[in-house]
Amino acid sequence: MIWFIIISILMSIANVHTLLSIGVNLDGLHDWSRSLPYVNLVRQARVWGSADRPWDGNATFDLVSGWPNNDFGIVLATNNIDMGGTYMLYAKGNAQVSTAGGSPANIVNKTYDASTNTLTALINVPQGAIQMMLSFRNTTGPGLQDIAILQPGYDLSSKSRITKLMLAHLSRFNIIRFMDWTNTNANYEVNWNDATSVNWPTYTPPKRNPWETVPNIINQINKPIDIWINIPHGATNDYILNIAKIMLKELNPLSNIYVEYSNEVWNSMFPQAKANLLAAMDSIHNHGDPLHLNHDGISNSYAWGFRRTAYQIKHISDLFKIVFGKENVGLWKRVRPILAGQAVNPYVINTGLDYLNTIYGPPSTFLHGIAIAPYFDLEHYKTWSNLTIDQVLDGFHSSIQRFLPEHGWSQQAPIGVHAVYAAWYKLNVYGYEGGPDTASGCGDCSLEAKIKATRHPRMTDICLTFLNGWSRFGFQTLNWFGSGANQIGKYGSWSLLEDMRQEILIDTTKMFNSTSSVAQLPRPPPKLKAIDQFRQSSVQFNFGISIPSYNVNATNFAGHKVPYPDPDLRYLGPNSVFYYPLQIRQSPIQINLTVYVGGNSGTLEASINNEQFIQVQTPTTFNTTTFQAAPLIQFIITQRIVPSIVTLRLKSIQTGYSIRSFDVVASPRK
């Protein structure tokens, strides 16, 4: 009956008219995660340990099959709220089975069928148990093989599947990002034979979820959902081509594929950032700079690294074209390469995009978009102790203001600056991650208040304000960080749930008793409620300079200082450039641009979205503070999506004049 209910729910989800898109980052696979995504808990177990100390990782195992070849112990799950229920044990071989590590459970109905060499048993776990560890002694074979420990309500026919709870949970999303799922931040795989086989018993470090599990998860959900995959930073061409072949062969053909080079390659906290920087420096110093990372002699090693990141995703794009065909990779194609950067520092992405444009041509030839990760935190309360619940929530509310389109596109508004620069190169903007951050500053500080604030109804409105603000920029999907269930603690409150049974797209009320700690948790939790309300809502686009607009101050360019030191743009150097976002609410549209300048005559260039470069000769005025209109400039604009923004760029080719302002109006097309 429960499965029938799930199918009905998933079918109805597929037919819901969703106005707004929302994605999610899939939780990584660990025994301490509460997501429990696999029916077979062995998949998330730690490395085989000794029978006496299952957590020590000291058991021996067959290097080919991965199965233990002597007595052993296994850590299946830790740090849960209530694991109560009956679990099924199945294995090839025989052994004495017992609980370990203080795990409260009774092992009953143990049988061994010598004719099939099959061991089965039931593991009764009492309500309130938070972990499960087992020991296997006197093993035959020696050791055991094909071990499966199935969650309550499943039989062997489901041992290779994702749980119904997880599938229902994921079914609400439009994109699933698999960064943590494939352990990107600790993925040192280089050659394809380094990748984890689907036949390996466990998928946790030092192994990881096989690439085949990505399409497998999507294909188990009764609707096409796009995937977002992260290529390991050291992967060879052959490795990347094999990933592409798996996705082409196995993924639902209606699902699009977002591809990113590693994860946060700008972030020195991760090994891939150091590896990328060293590779860029080595390429320049020891190999003659074949990628032209220092084509302009900038001599900034960090800029070299940002450029190499851009080159890598361009190279990945080229490799996917070999497998999928050129016509299926790029802007609004099935395979959508993404250049990711740092939300608070537009220089990271801008440096990469400018490099691609200079060396290889327009970035939209290779890319579909850029991506950043906006996280809101406790603002000035981040290091405070003894906060109240309201203070935590007030901190969140204050932090979110930085991520709203009303904040503009100044130097203090990096989200808006990203919007302007992406539009200049005709690229989309995505959120590769995003959500609340309770760990930065001081994770331990005011932890109890943070826990209660995460469960508070106000949290729904805060998350909705954040998501609505993102959409009002005209951005594409934001991938919430993250899915599934985990403990709220000093390391953060990242997951949408604290227990999977808080899910509401399936009736979970019979999966726990009224006396269980699970019953005390909000259902749905506030963050999940916000996600569901958001995806059924609509928002009004509200970013950029509206058309018509008159006397727009030229100092209001993307990335300008606040306050700006002058009333106009003056003392301009040669080839100075200034970017402005213009709202486009109909397409096609013709616009007239009038720029007001003062001083000596010179050459002014105006352009839209890295195209339509038009130069005019500016008039001579009495001085640089007396302004006249430059010759009229006209553009014809065609946008795939409206409303949206285009980016106007003003460039001072020859200097000697100031720029005060401009008018921008629509004109009827002839």
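Every read-out reported here was derived from the displayed coordinates using simple, explicitly stated rules and does not represent laboratory data. A quick note: this is a predicted structure, and the numbers were derived from the prediction, not measured. With ideal geometry, Cβ positions are generated from the backbone for all residues, glycine too; neighbour counts draw on all protein chains shown.
Treat the count of other C-beta atoms within 10 Å as a stand-in for reagent exposure and order Lys207, Lys245, Lys426 from fewest to most.
Ascending Cβ contact count within 10 Å gives the list Lys245, Lys207, Lys426.
Compute the helix-to-body angle for 271-286: its Cα long axis versus the longest principal axis of the chain, expressed 0 to 90° and rounded to tens.
50 degrees
Sorting Arg307, Arg660 on the 10 Å Cβ count, fewest up front, what's the list?
Taking fewest neighbouring Cβ atoms as first place, the list is Arg660, Arg307.
Taking every Cα atom in the stretch 477-553, find the radius of gyration and the maximum pairwise distance Dmax, and write them in Å.
When restricted to Cα atoms, the stretch 477-553 yields Rg and Dmax of 19.4, 67 Å.
How big is the charge dipole of the stretch 549-667 about its Cα centre, in debye rounded to the nearest 20, if each Lys and Arg gets +1 on its Cβ and each Asp and Glu gets -1 on its Cβ?
Value, rounded to 20: 180 debye.
What does the net charge come to around Leu378 if you take all other residues with beta carbon closer than 10 Å to its beta carbon, with K and R at +1 and D and E at -1?
Counting the neighbours of Leu378, the net charge comes to -2.
Report which label in [x] 29.7; [y] 35.1; [z] 32.4 holds the value of mean projected area of the Cα convex hull in nm² derived from the coordinates of this structure.
The calculated read-out lines up with [z].
Using Cα atoms only, what is the angle between the long axis of helix 2-14 and the major principal axis of the chain, expressed in degrees (0 to 90) to the nearest 10?
Its long axis makes an angle of about 10 degrees.
For the chain, what is the mean residue ellipticity at 222 nm derived from helices alone (per DSSP H run of n ≥ 4: -39500 (n - 2.57); sum divided by total residues; nearest 500 deg cm²/dmol)?
-7000 deg cm²/dmol
How much net charge surrounds Thr594 when only other residues with a Cβ under 12 Å from its Cβ are counted (Lys, Arg +1; Asp, Glu -1)?
It works out to a net charge of 0.
Specify which residue in the list Ile370, Tyr87, Tyr261 is farthest towards the positive end of the charge dipole of the chain, using unit charges on the beta carbon of Lys, Arg (+1) and Asp, Glu (-1), about the Cα centre.
Ile370
Given the Cα-Cα distance of Arg458 and Thr116 and 0.36 nm per residue of separation, how much length would full extension add, in nm?
Here the answer is 117.4 nm.
Take the residue pairs Lys249/Lys314; Lys164/Lys249; Lys326/Lys651; Lys245/Lys426; Lys223/Lys510 and return only those whose Cα atoms are more than 32 Å apart.
Result: Lys326/Lys651 exceed 32 Å.
When DSSP beta bridges are limited to those with both residues in the chain, what percentage is antiparallel, rounded to the nearest 5?
Expressed as a percentage, antiparallel bridges in the chain total about 70.
Report Rg/Rh for the stretch 166-535, rounded to two decimals, where Rg is the Cα radius of gyration and Rh the Kirkwood radius.
On the Cα set of the stretch 166-535, Rg over Rh gives 0.97.
If you bin every alpha carbon distance in the stretch 248-392 into 5 Å steps from zero, what whole percent lands in each bin?
Bins of 5 Å from zero give 2, 9, 17, 18, 16, 12, 9, 6, 5, 4, 2, 0 percent of pairs.
What dipole magnitude, in Debye to the nearest 20, does the chain give about its Cα centre under +1 on Lys/Arg Cβ and -1 on Asp/Glu Cβ?
1180 debye
What net charge do the residues around Asn187 carry, taking every other residue with its C-beta under 14 Å from that of Asn187, with Lys and Arg at +1 and Asp and Glu at -1?
-3
Once the Cα atoms of helix 347-359 and of the chain are each reduced to a long axis, what angle between those two axes, in degrees from 0 to 90 to the nearest 10, is obtained?
In the chain, helix 347-359 runs at an angle near 70 degrees to the longest axis.
Of Cys445, His456, Gly408, whose Cα points farthest to the positive end of the dipole of the stretch 350-464 (charges on the beta-carbon: +1 Lys, Arg; -1 Asp, Glu; origin at the Cα centre)?
Looking along the dipole axis, the top candidate is Gly408.
Could you give the length gained on full extension between Thr60 and Asp532, defined as 0.36 nm per residue of separation minus the Cα-Cα distance, in nm?
Extending this stretch completely gives an extra 165.2 nm.
Starting from 0.36 nm per residue, how many nanometres of slack lie between Gln634 and Gln411 once their C-alpha separation is accounted for?
77.4 nm
Based on the Cβ-Cβ distance of Arg523 and Asn300, what FRET efficiency does E = 1/(1 + (r/R0)^6) give at R0 = 35 Å, to the nearest 0.05?
Between Arg523 and Asn300 the formula returns 0.10.
Once the convex hull of the C-alpha atoms of the stretch 549-667 is built, how many Å³ does it hold per residue, rounded to a whole number?
96 Å³
Output needed: Cys residues of the chain lacking any neighbouring Cys C-beta below 4.7 Å, sorted by number.
Cys463
Ranking Phe473, Phe512 by Cβ neighbours within 10 Å, fewest first, what do you get?
Final ranking by Cβ density, sparse to dense: Phe512, Phe473.
Grab the beta carbon distance between Arg585 and Tyr360, set R0 = 25 Å, and tell me the FRET efficiency rounded to 0.05.
The pair Arg585/Tyr360 has a calculated efficiency of 0.15.
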